[in-house]
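These notes concern the structure reproduced below.
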Amino acid sequence: MNNSLSALYVGDLHPEVTESMLVEGFSSAGHVHSVRVCRKWNNGVSLNYAFVNFYKQADAERALATLNCKLLMGWPMRVMWSQRDFTLRKSGVGNLFIRNLDMTTIDSMALFDLFSVSGNVLSCKVVAYKTGTKGYGYVQFESPGAANVAKERLDSKLFNDHKVSIEHFKSRKERKAEGNRHT
């Protein structure tokens, strides 16, 4: 089994989601090798994310295509390739910050659909309250070039009567140094 090609990260999970629920849901895409819901070491409380490993890359690809943003216990799952390289994950390379999204109609799946025409989207999330979205989100592309194409193509465009603003992602530390924040 090639872990780098068949391992998926599943985020934004309901706190009561179990391994067996994930096995049941992800088995629709193919033969699941293993599932692990990540938990706090001291009390076993869910950290609201998991890893799902498939025997075959094609099955993982199918799961990614069909299960991203699907509801599990009423919460939309964020499914993406597992990125075990911490430095790449945290680098912000290829990441965009999108503000002024329509808070009633733009969810993570709509954001994915909008941005995926510009390149391979690794991760996509509209930040939400329990009662709705906050009107901003993040998109991570596989390459900085794809992020640049998306920014050039979509920045300042109207989506559902909202003129969106797109910036390259900056870490909290970078924003603080500039005296600025995303929200």
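The values are calculated or read from the model by the stated rules, or taken from the named source; none is laboratory data. In this text the structure is predicted, and so the values were computed from the model without any measurement. We place every Cβ from the backbone using ideal geometry, glycine too, and count neighbours over all the protein chains shown.
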Exercise for the section: Those residues that are among the aromatic types (Phe, Trp, Tyr), part of a strand (DSSP E or B) and in contact with a helix residue (DSSP H, G or I) (Cβ under 8 Å, 6 or more places away or on another chain), I need them from segment 27-56; list them, please. Expected result: Phe54
Exercise for the section: Just one of (1) in a loop (DSSP other than H, G, I, E, B); (2) farther than 18 Å from Asn48 by Cβ; (3) more than 17 Å from the chain's Cα centre (by Cα) trips up Leu101, so point out which. Expected result: (3)
Exercise for the section: Determine, yes or no, whether Glu24 is outside the structural domain of Leu122 (by TED's automatic domain parsing), assigned to a loop (DSSP other than H, G, I, E, B) and either out of contact with any His (no Cβ under 9 Å at 6 or more places or on another chain) or in contact (Cβ under 8 Å) with a residue 24 or more places away in the chain (or both). Expected result: no
Completion exercise
Leu114 passes all but one of the listed conditions (1) free of Cβ contacts under 8 Å to residues at least 60 places away in the same chain; (2) buried (at least 17 other Cβ atoms within 10 Å of the Cβ); (3) under 30 Å from His31 (Cα atoms); the exception is number (3)
Handout entry: Subset of segment 1-21 (residues that are assigned to a loop (DSSP other than H, G, I, E, B) and either among the aromatic types (Phe, Trp, Tyr) or touching a Ser or Thr at 6+ places or on another chain (Cβ under 6 Å) (or both))
Key = Pro15
Completion exercise
Taking segment 90-104 and keeping only residues that are of a type in the set (Ser, Thr, Tyr) and at pLDDT 85 or above, one is left with none
Exercise for the section: Take segment 137-183 and flag every residue that is of a type in the set (S, T, N, Q), touching a residue at least 24 places away in the same chain (Cβ under 8 Å) and assigned to a loop (DSSP other than H, G, I, E, B). Expected result: Ser143, Asn160, Ser171, Thr183
Practice task
Go through segment 91-107 residue by residue and tally those that are under 12 Å from Lys134 (Cα atoms) and touching a Pro at 6+ places or on another chain (Cβ under 8 Å).
Solution key: 1
